[in-house]
1. Filter the stretch 193-217 down to the residues that are touching a strand residue (DSSP E or B) at 6+ places or on another chain (Cβ under 9 Å), free of Cβ contacts under 8 Å to residues at least 40 places away in the same chain and not in a strand (DSSP E or B), then identify the one that is farthest from residue 145 (Cα to Cα).
2. Kindly indicate whether any position in the stretch 142-163 is outside any loop (DSSP other than H, G, I, E, B) and at pLDDT 95 or above.
3. Can you pull out every residue in the stretch 119-141 that is in contact with a strand residue (DSSP E or B) (Cβ under 9 Å, 6 or more places away or on another chain) and modelled with pLDDT under 75?
4. With the checklist (1) under 26 Å from residue 5 (Cα atoms); (2) at pLDDT 95 or above; (3) in contact with a strand residue (DSSP E or B) (Cβ under 9 Å, 6 or more places away or on another chain) in hand, flag the one item residue 167 doesn't pass.
5. Among the residues of the stretch 155-178, which ones are under 27 Å from residue 125 (Cβ atoms) and crowded, with 16+ Cβ neighbours inside 10 Å?
6. Looking at residue 87, is it in contact with a helix residue (DSSP H, G or I) (Cβ under 9 Å, 6 or more places away or on another chain), outside any strand (DSSP E or B), in the same structural domain as residue 113 (by TED's automatic domain parsing) and buried (at least 18 other Cβ atoms within 10 Å of the Cβ)?
7. Kindly evaluate residue 44 against the criterion of being free of Cβ contacts under 8 Å to residues at least 40 places away in the same chain, more than 14 Å from residue 70 (Cα to Cα) and touching a helix residue (DSSP H, G or I) at 6+ places or on another chain (Cβ under 8 Å).
8. Based on this model, can you work out whether residue 115 counts as at pLDDT 95 or above, in a loop (DSSP other than H, G, I, E, B) and at negative phi?
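The values are calculated or read from the model by the stated rules, or taken from the named source; none is laboratory data. Please read all numbers here as calculations on a predicted model, not as lab measurements. All Cβ positions, glycine included, derive from the backbone under ideal geometry; neighbour counts span all protein chains shown.
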């Protein structure tokens, strides 16, 4: 895995979680926040932590934003600061910008600015929780895009004892089973002859509309 350079602006709950995880994955991470106390708190959990105002062009230029592979704008509720920082990053030539949005309107503005990827942590987590509460067997859901997801589901009773060829999920629904996880071992890339056992967890990828037909999201 190539070691990447990340700049995370804003060290609230979302920003600090992203920064720590990237650092734990072996990447170089610089965190920037206005609050010196927050900077000191996270300084030993990332590569570098700096107290600076991300809405200042001079401050961002001094950080050398063009040297980072990805800049994450994780500023919390200050929408104006989030937008201003994103504008400055684009003007300074940041390679790839990911920005956290609070509302759909906020996200629309960020996209207009030219932010490469807009994320909605609260909304996405809320949707994921709702899916898990109403579904009878969903364990986990990862949205790959607006139309595709990876799901982990407890094998429905009607599928237990049948082979993947018999279920024919790829042809019938366009859904690919990428793993069968049993109590003792996980079968990665199972074949058509593999049978779904009682207690198995099915890991599958497919279009959301197809997954919904099966009640998997």
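1. Let us first name the residues in the stretch 193-217 that are touching a strand residue (DSSP E or B) at 6+ places or on another chain (Cβ under 9 Å), namely 193-197, 199-208, 211, 214-217.
Filter once more, keeping what is free of Cβ contacts under 8 Å to residues at least 40 places away in the same chain: 193-195.
Retained after the next criterion (residues that are not in a strand (DSSP E or B)): 193-194.
Values: 193: 30, 194: 29 Å.
Looking at residues that are touching a strand residue (DSSP E or B) at 6+ places or on another chain (Cβ under 9 Å), free of Cβ contacts under 8 Å to residues at least 40 places away in the same chain and not in a strand (DSSP E or B), I get 193.
2. Going through the stretch 142-163, the residues outside any loop (DSSP other than H, G, I, E, B) turn out to be 142-143, 148-154, 163.
Now drop any that are not at pLDDT 95 or above, which leaves 163.
Yes, there is a match, as at least one residue in the stretch 142-163 is outside any loop (DSSP other than H, G, I, E, B) and at pLDDT 95 or above.
3. 124, 127, 128, 131, 132, 135, 136, 137, 138, 139, 140, 141
4. (1)
5. Result: 155, 173, 175, 177.
6. Details: in contact with a helix residue (DSSP H, G or I) (Cβ under 9 Å, 6 or more places away or on another chain): yes; outside any strand (DSSP E or B): yes; in the same structural domain as residue 113 (by TED's automatic domain parsing): yes; buried (at least 18 other Cβ atoms within 10 Å of the Cβ): no.
Judged against the criteria, residue 87 is not a match.
7. Values: free of Cβ contacts under 8 Å to residues at least 40 places away in the same chain: yes; more than 14 Å from residue 70 (Cα to Cα): yes; touching a helix residue (DSSP H, G or I) at 6+ places or on another chain (Cβ under 8 Å): no.
Spelling it out, it is not the case that residue 44 is free of Cβ contacts under 8 Å to residues at least 40 places away in the same chain, more than 14 Å from residue 70 (Cα to Cα) and touching a helix residue (DSSP H, G or I) at 6+ places or on another chain (Cβ under 8 Å).
8. Details: at pLDDT 95 or above: yes; in a loop (DSSP other than H, G, I, E, B): yes; at negative phi: yes.
So residue 115 passes the test.
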